[in-house]
1. Report for the chain the percent antiparallel among DSSP-assigned beta bridges with both residues inside it, nearest 5.
2. Report, in listed order, any pair from Lys88/Lys300; Lys114/Lys162; Lys260/Lys314; Lys88/Lys283; Lys426/Lys496 with a Cα-Cα distance greater than 19 Å.
3. Work through the residues other than Tyr442 whose Cβ is under 10 Å from its Cβ and net out their charges, Lys, Arg +1 and Asp, Glu -1.
4. Taking θ as phi - 60°, what are the ³J(HN,Hα) couplings along the stretch 209-214 by the Karplus curve (6.51, -1.76, 1.60), each to the nearest whole Hz, with x for Gly and Pro?
5. Quick one: ranking Thr31, Thr96 by accessible area, 1.4 Å probe, largest first, what do you get?
6. Could you work out the percent of alpha carbon pairs in the stretch 142-276 separated by over 26 Å, rounded to a whole number?
7. Against the empirical 2.2 N^0.38 Å scaling, what ratio does the C-alpha Rg of the chain come to?
8. Percent of accessible area on the chain owned by carbon and sulfur, 1.4 Å probe?
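The values are calculated or read from the model by the stated rules, or taken from the named source; none is laboratory data. Note that this is a predicted model, so its numbers are computed, not measured. Here the Cβ is made from the backbone with ideal geometry for all residues, glycine too, and neighbour counts use every protein chain on show. With ligands, DNA and RNA removed, areas are computed over all heavy atoms of the protein, side chains included. Shrake-Rupley method; radii C 1.70, N 1.55, O 1.52, S 1.80 Å.
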Amino acid sequence: MTEQFYITTPIYYPNASPHIGSTYTTSYADTLSRYHRLKGADTYFLTGTDEHGEKIAEAAEKAGVTPQAFVDQISNRFRSTWDELGLKPNGFIRTTDPDHQHAVQHFWQLLYDKGEIEFRGYTGRYCVGCERYLTERELENGKCVQHLTEPEARTEENYFFKMSQHFDWLIQEIESNPELITPERYRNEVLSMLRSGGLEDLCISRPKSRLEWGIPLPFDDGYVLYVWADALINYLSGVGYPDQASWETRWNGVHHLIAKDILKPHAVFWPIMLHAAGLPLYKGLHVHGYWSMDNQKISKSLGNLVDPLVMKEKYGFDPFRYYLLREMPFGLDGDFSEEAVVRRINDDLANDLGNLLNRTIGMLHKYFDGIVPDSAGEHVLSETASRVAEEVDVQLQAFSTQRALTVIWELVSAANKYIDTRAPWKLAKDESQRDSLAAVLYECLEALRVTAVLLESFLPETSPRIFERLGIEPPTGLLGERLRWGQLPAGATTLKGEPLFPRIETD
Ligand code: MSP
């Protein structure tokens, strides 16, 4: 049976335009989905916008438009930005879509019918930024640690999802499945959160008298659903739950990619919601770190959001994407700086990769008129290439783009080193070494071809440019076939050209 790979990003709040954070997660998921598709999996990549809730209603009011007009505009901006950046989700879900609303109502009716929901009075401290009541432990000096604002005291009668009765089940699930939440530090964080006793049942409703901008509760239309109780279900509705039969097949291969800021809803609320509904758990929840800028939080109010379209204009999107995917170790935080972007472009892309292409094709033009010689190569780099390909697979199965790219650069460095040691310019001086010269250059050209194949998922605009310079059509077939060593045909006409990545001059 074909393997299923269904990858999701969080659905972003359309109260700010796409910035480095959402661009990072979306590029990451785009890379993984391309990779798994190339390996032959039946792949689906979902992203979208999370459009209900108080935060959005307030932002719309401030902008002087209706919530619907407000979210229409910004949701479109997300969609068009991903398109402009060449990010290719298969689905873009909006929580205002009628299908989604239907799925959400179906889901909560199901839980209501199963006796999982209770109506109770509640007084608590509500943080508008988080869109939820905070527990004592989540406060520091009486303030929300994320938003640094004092939550409001609120008393209400509401519907509660009796989540706490499933905590023991969840602890057992997480303990028995080390792959469920990765990297391990977040798995440990969730386990200690669950064991601490600080978690409670989940309030899933908001009275309409206070908030109208939401999906009505199917069993009480005096209330709308709490935005997280609405948003999480996008992962199901996005693949056709509950009406299209195909959703279950997709669901068998579902992996969620998020940042650490929304660990709790994804690692506690969501698995318990699924369990209570009798649905299978996700295959994996993968948690990356947070970007800061000059060690400050990235936020709209600080005006340091980093517009991906500006980055594209300045550096090209592939180089920026390379920086994002290469710089931050999976699960750890990273500090963004343009100097670091420029360093990555100059060192890794221009010097290592660009130079390898230029010098190899330069020598081929000098010694063989630019035509790929009839040679099987020396089979020196082929071993490195196959080890690298295997390791890339291991790293991407573990969701680490940073390690995967580091490993690909081992092949690039090995090829550069190989040129230095075999010194083709010396071989060229001796006519009897003509075959060796052909073999050495063939080896480098083939290493470049394999590198371009390995980079296809990471740098989708760059790989075709490398194939073009090598004088070949972009390869077809699955990854394993594309990687097979020795496919560069003799007689192909390579192209000299502009550097792949022009160096960026700095003072
Ligand atoms: N709408 C909710 C998610 C609901 S999912 C069912 C939400 N939206 S958000 O717009 O705030 O997006 C949060 C996500 O955006 C993070 O989990 C991460 O994927 C990405 N990022 C936003 N800022 C980020 C950084 N500074 N660094 C890294 N990723 C960040 O939460």
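1. Percent antiparallel among DSSP bridges in the chain is about 50.
2. Lys88/Lys300; Lys260/Lys314; Lys88/Lys283; Lys426/Lys496
3. Working: positive: none; negative: Asp374, Glu378, Glu443, Glu446.
In short, -4.
4. Taking θ as phi minus 60°, the curve returns 4, 9, 9, 9, 7, x Hz for the stretch 209-214.
5. I get Thr96, Thr31, largest accessible area first.
6. Numbers: 2868 of 9045 pairs.
It works out to 32 percent of all Cα pairs.
7. 1.11
8. Using a 1.4 Å probe with all protein chains present, the chain comes out at 47 percent carbon and sulfur.
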